[in-house]
Amino acid sequence: MTARIIDGNALSAEIRSQLAERAAALKTQGITPCLAVILVGEDPASAVYVRNKVAACEKAGMRSLRDVYAIDVDPALVFARIAELNADPSVHGILVQLPLPKHFDSEAVLESISPEKDVDGFHAENVGALMQGNPRFIPCTPYGVMKMLESAKVPLKGAEVVIVGRSNIVGKPMAMLLLAKSCTVTICHSQSKDLAFHTRRADILVAAVGRAKMISGDMIKPGATVIDVGINRMADGPNAGKLCGDVDFESAREVAGFITPVPGGVGPMTITMLLANTLEAAERTQARGKK
Ligand code: NDP
């Protein structure tokens, strides 16, 4: 069997053009959706993510603000800027690029963002709403994965799902979303015993670890849907420096029913859903204004 590819670039293009239409409609009402992005330090990967997010906003007809701070900035300055953005009615979404330098209390920074503008969905209030099954903002990466499963018409009700990785930004919210769709969800992590035992049972396998090619074809149930969230740079070999996922694509595609590639899979969908959340936040301000 050769797996069918769920193409994140193609699906993103389709969704982004719908978002651009909604953004244009909102503009006729005098509201331009606006995302503010804060970056601290010069981590090259973070700088690329921020650049891509800002560019995607502009392409979809949305406004973006970018604040870049030196790595040793006094956190008080960043908190002051977030307070300013919280109070600015022309800003609809605020995102602080993670990871932050060690002298920052990341949790306090995320909590300082107004929950109504927290388009990453990381504020405790929004995490709680997601847990209760009534999300205000769905974290962008798991949101993008749900769209991919939907587009491929992967059956969810009763499906055995195994998620490898339990981070607050991917693994945990992914589990909540799939649970809400009546999947049976197992979450694995670094202390799980016999990872392959779990992964081989999965109708849907989500890998979100950050270890290049750690999931091989022999760890996958024939016909399973494999979602590769990982983004890693290959350390050596002929492809050194190139991006790869947590899944060994070549062996996995021979076994899986559906698979997402890296690059061109979950990555572009994450940015697309960030645009969707920003637009939604802007549409909500318009709806509030009408009341
Ligand atoms: P974290 O480092 O926060 O979490 C990694 C998780 O993997 C942890 O729960 C850890 O377990 C688990 N883990 C580590 N080693 C193993 C192992 N040997 N077996 C099983 N589980 C293991 O990472 P993130 O969730 O932030 O990101 C995961 C990957 O996804 C990264 O490659 C990241 O770059 C990528 N990513 C991609 C995005 C996209 O848009 N495509 C967006 C966000 C992330 P424990 O909790 O026990 O330490």
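Derivation of every value follows stated rules applied to the coordinates shown; laboratory data play no part. Nothing here was measured: the structure is a model prediction, and the numbers come from that model. Here Cβ is always computed from backbone atoms with ideal geometry, including for glycine, and neighbour counts include all displayed protein chains.
Rounded, prolate or oblate: which one fits segment 29-114, using the alpha carbon gyration tensor with axes a ≥ b ≥ c (rounded when a/c is under 1.5, else prolate when a/b beats b/c, else oblate)?
Oblate, because a/c is 1.5 or more while a/b does not exceed b/c.
Just want to confirm a number: the relative contact order over the chain, from Cα pairs under 8 angstrom separated by 6+ residues, in percent.
After rounding, I find 23 percent.
Go ahead and collect, in residue order, the members of segment 87-131 whose backbone nitrogen is under 11 Å from a label point 7 Å along the Cα-Cβ direction of Val73.
What the label zone holds, given the 11 Å backbone N cut-off, is 96-97, 101.
Please state the relative contact order of segment 93-187 as a whole percent: Cα pairs under 8 Å, 6+ residues apart?
22
Non-local amide H neighbours of Tyr69 (under 5 Å, H modeled in plane, Pro and chain starts lacking H): which ones?
Leu39, Val40, Gly41
Counting DSSP beta bridges with both partners in segment 140-267, what percentage is antiparallel, nearest 5?
The answer is about 10 percent antiparallel.
Cut-off under 17 Å on the C-alpha distance; same-chain residues fewer than 8 positions from Lys27 excluded. Which lysines are left, in chain and number order?
Lys59, Lys290
Relative contact order for segment 27-111 using alpha-carbon pairs under 8 Å, separation at least 6, rounded to a whole percent?
42
Looking at the chain, what % of its DSSP beta bridges pair antiparallel, to the nearest 5?
5
Work out, step by step, the length gained on full extension between Lys157 and Arg200: first 0.36 nm times the residue separation, then minus their alpha carbon distance; give nm to one decimal.
Between Lys157 and Arg200, full extension yields 13.6 nm more.
222 nm [θ] for the chain, helices only, -39500 (n - 2.57) per DSSP H run of 4+, per residue, to 500?
The per-residue figure over the chain is -13000 deg cm²/dmol.
To make sure I understand the rule: partners must be lysines, Cα under 27 Å from the Cα of Lys213, and not fewer than 8 residues away in the same chain. Which ones qualify?
Lys53, Lys147, Lys153, Lys172, Lys193, Lys221, Lys242
What does the extension gain come out to for Ala20 and Ala87, with contour length at 0.36 nm per residue minus their alpha carbon separation?
Extra length available between Ala20 and Ala87 comes to 21.6 nm.
Taking R0 as 35 Å, what FRET efficiency do you get between Thr28 and Val48 from their Cβ-Cβ distance, rounded to the nearest 0.05?
With a Förster radius of 35 Å, E is 0.55.
Over the chain, with a single point scatterer placed on each C-alpha, what log10 of the ratio I(q)/I(0) does the Debye formula yield at q = 0.09, 0.11, 0.13 1/Å?
-0.44, -0.66, -0.92
Neighbour counts of other C-beta atoms within 10 Å: give me Ser182, Ser64, Ser151 arranged from fewest to most.
Least crowded to most crowded, the residues run Ser182, Ser151, Ser64.
Assuming R0 = 25 Å, can you tell me the calculated FRET efficiency for the pair Lys59 and Ser167, based on Cβ-Cβ distance, to the nearest 0.05?
0.30
Would you mind listing how long segment 88-182 runs along its three principal axes, going by Cα atoms, in whole Å with the largest first?
Principal extents (largest minus smallest coordinate, Cα): 42, 31, 23 Å.
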